[in-house]
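The values are calculated or read from the model by the stated rules, or taken from the named source; none is laboratory data. Remember, predicted model here, so these are calculated numbers, not experimental data. FYI the Cβ positions are ideal-geometry reconstructions off the backbone, even for glycines, and counts take in every protein chain you see.
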């Protein structure tokens, strides 16, 4: 059985370099934050925390935040 983190990173958006959005409460219930962060860093992706959401940007490119 795949772990929550494996399932999250097997999403179609991850494979296509897209964006994955997840409710923080659900993520935190299933995987320690340090493991999520380590996986994001290993993949050279970006993780944004906004309100009650984690936004995973599955692209290693530079980020420019405009507003």
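Key figures
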quantity: Any chance residue 24 is at pLDDT 95 or above, more than 10 Å from the chain's Cα centre (by Cα) and surrounded by 13 or more Cβ atoms within 10 Å (Cβ to Cβ); calculated: yes
quantity: Residue match in the range 48-64 (condition: part of a loop (DSSP other than H, G, I, E, B), in contact with a helix residue (DSSP H, G or I) (Cβ under 6 Å, 6 or more places away or on another chain) and modelled with pLDDT of 95 or more); calculated: yes
quantity: Selection from the range 54-67 of residues that are under 17 Å from residue 9 (Cβ atoms) and over 8 Å from the mean Cα position of the chain (by Cα); calculated: 59, 60
quantity: Filtered residue count, the range 9-47, keeping only those that are more than 23 Å from residue 65 (Cβ to Cβ) and touching a helix residue (DSSP H, G or I) at 6+ places or on another chain (Cβ under 8 Å); calculated: 4
quantity: Filter result (outside any helix (DSSP H, G or I), free of Cβ contacts under 8 Å to residues at least 12 places away in the same chain and surrounded by 12 or more Cβ atoms within 10 Å (Cβ to Cβ)) within the range 27-47; calculated: 47
quantity: Cross-chain or 6+ apart pairs with Cβ under 8 Å, the range 10-23 first and over 17 Å from residue 60 (Cα atoms), then assigned to a loop (DSSP other than H, G, I, E, B) and modelled with pLDDT of 95 or more; calculated: 23/52
